[in-house]
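Taking it in order: structure first as structure tokens, then the write-up.
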Amino acid sequence: MLLVLSAEHRAHLGCLPRAGGAAVGELGRLALEQLRRGAAPRACEAAARKLDIGVDTIQHGVEGLTYLLTESSKLMISEIDFQDSIHVLGFSDELNKSLLQLYLDNRKEIRSILGELAPRLPSYHNLEWRLDVQLASRSLRQQIKPAVTMKLYLNQNEDQTAQVLQTDPATLLHLIQQLEQALGEMKTNHCRRIVRNMK
Amino acid sequence: MELSPYAQGGWRVLGDPRRFPRRPFAALLRAAFRSLLEDPQAALDDPDLKDIDPTVLKHCHAAAATCILEAGKQKADISAISTCLEDCKLDKERIEQFCTEYQKNKDALEILLGSIGRSPLHITDVSWRLEYQIKNNQLHKTYQPSYLVTLNVENSDSGSHPDVSFSCTMEQLQDLVGKLKDAAKSLERATQM
């Protein structure tokens, strides 16, 4: 699958050959920092001074590289496809090699950053449990009522919530049985076949 | 087991064969148990009770219900109940009638009283869904199995409550099931003690 670069992207990346080899490394670093932490105008200014290039050029270069890296990582394009995609830019072999290396070195990290942007439900974090026996209440004395009290920790968008839940012994066994069935599903032929064929 | 003066007053009327003949007495006992355990509205419609003055009927019904609930709460035995009713001047036959009716309904009463009260959200059921993620608009070729688990919960006060749903990976689900199994094992050991 080839990456399609618009005229604007190509223009942004067009500054790279003029900037030189060292610049590509610097711009690559800036692009990644931007992905990890967000835009950093000061860093761009510093790089502009160090490399003796205009701030705007640096900015465009970083944007162009960011787009190139994120789109390639998102689509998980192969080495060959990546090389073919940047071929249209008409860069030198050395520059192409540097860009490819930049892509391969950082692909995993970029994918994990992109993964955090996906829509997410609260996800399981931990479960604590406690065994209780209710002995009496205002409406009934002399009870022996066993219960399992649990604290379910869930993560949602960097917040962690803890919910207190309770269940009785019979329901607990039912929960275990149902969830074990759920776990067993991944091992069935049907699921295995799907996983094998979708790669 | 003790009853309030109001309840005792009601029982004294109930114990009086002139004010409460046999059939109405039996009918009132049945009505009292039914109104607590089945339907609070319909109970006093029994034709055997139509000759009793409504105010008296209300007083006696309240007295009977109070006695039933108090006995249930304290898990009172027959002798305790009998002593209490003797103090209200009930004759042996009527006491026995009450105790028989009480024994019949004792278990249902205990369940009812035991279910009243505050407790954390109670899990009643679980449903799950297994999905295989292929891509999203931010990331393609994700290729990961993921579970969506929904715990159906009930509130002790209002009955229903929005369910607790969460997603998890296979490892996380294994962790969860492992912990639940620990709890179950610990329960089993506790019941053997």
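The values are calculated or read from the model by the stated rules, or taken from the named source; none is laboratory data. Everything numeric here is computed off the predicted structure, so don't read it as measured data. All Cβ positions, glycine included, derive from the backbone under ideal geometry; neighbour counts span all protein chains shown. Ligands, DNA and RNA are stripped out before the accessible areas are found, and what is left, the full protein with its side chains, is counted by its heavy atoms. Shrake-Rupley method; radii C 1.70, N 1.55, O 1.52, S 1.80 Å.
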From the residues in segment A:116-138 that are exposed (fewer than 15 other Cβ atoms within 10 Å of the Cβ) and over 46 Å from the mean Cα position of the chain (by Cα), which one is nearest to the other protein chains (Cβ to nearest Cβ)?
A:ARG138
Expected single match for open to solvent by 20 Å² or more (accessible area, probe 1.4 Å), over 31 Å from the mean Cα position of the chain (by Cα) and more than 8 Å from every other protein chain (Cβ to nearest Cβ) among A:GLN160, A:GLN156, A:GLN166, A:GLN177 is A:GLN177
Hey, does segment A:36-59 have a residue that's open to solvent by 30 Å² or more (accessible area, probe 1.4 Å), over 30 Å from B:LEU173 (Cβ atoms) and in contact (Cβ under 8 Å) with a residue 60 or more places away in the chain?
yes
Among residues belonging to segment B:142-193 that are assigned to a helix (DSSP H, G or I) and at pLDDT below 90, point out the one that is least open to solvent (accessible area, probe 1.4 Å).
B:ALA190
Quick one: would you say A:LYS108 is farther than 26 Å from A:GLU8 by Cβ and open to solvent by 70 Å² or more (accessible area, probe 1.4 Å)?
yes
Taking B:TRP128 as meeting all but one of (1) open to solvent by less than 40 Å² (accessible area, probe 1.4 Å); (2) within 7 Å of chain A (Cβ to nearest Cβ), write down the number of the exception.
(1)
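Conditions (1) of a type in the set (S, T, N, Q); (2) touching a residue at least 40 places away in the same chain (Cβ under 8 Å), marked per residue:
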{"site": "B:CYS67", "(1), (2)": "no, yes"}
{"site": "B:GLU70", "(1), (2)": "no, yes"}
{"site": "B:ASP91", "(1), (2)": "no, yes"}
{"site": "B:GLN97", "(1), (2)": "yes, yes"}
{"site": "B:GLU110", "(1), (2)": "no, no"}
Considering only residues that are β-branched (Val, Ile, Thr), more than 20 Å from the chain's Cα centre (by Cα) and open to solvent by less than 50 Å² (accessible area, probe 1.4 Å), which ones fall in segment B:55-83?
B:VAL56, B:ILE81
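Being in contact with a strand residue (DSSP E or B) (Cβ under 6 Å, 6 or more places away or on another chain) and over 17 Å from A:MET150 (Cβ atoms) narrows it down to one of B:GLU131, B:GLU96, B:GLU154, so name that one. Break it down into steps so the answer makes sense when it comes.
Numbers: B:GLU96 fails: in contact with a strand residue (DSSP E or B) (Cβ under 6 Å, 6 or more places away or on another chain); B:GLU154 fails: over 17 Å from A:MET150 (Cβ atoms).
So the residue among B:GLU131, B:GLU96, B:GLU154 that is in contact with a strand residue (DSSP E or B) (Cβ under 6 Å, 6 or more places away or on another chain) and over 17 Å from A:MET150 (Cβ atoms) is B:GLU131.
Can we say A:LEU99 is within 13 Å of chain B (Cβ to nearest Cβ), open to solvent by less than 20 Å² (accessible area, probe 1.4 Å) and in contact (Cβ under 8 Å) with a residue 24 or more places away in the chain? Give the steps one after another, and end with the answer.
On the way: within 13 Å of chain B (Cβ to nearest Cβ): no; open to solvent by less than 20 Å² (accessible area, probe 1.4 Å): yes; in contact (Cβ under 8 Å) with a residue 24 or more places away in the chain: yes.
It is false that A:LEU99 is within 13 Å of chain B (Cβ to nearest Cβ), open to solvent by less than 20 Å² (accessible area, probe 1.4 Å) and in contact (Cβ under 8 Å) with a residue 24 or more places away in the chain.
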Given the criteria within 29 Å of B:ASN136 (Cα to Cα), modelled with pLDDT of 90 or more and not polar (S, T, N, Q), does A:ILE86 qualify?
no
Can you give me the number of residues within segment B:111-123 that are open to solvent by 60 Å² or more (accessible area, probe 1.4 Å) and at the interface with chain A (Cβ under 7 Å from one of its Cβ atoms)?
1
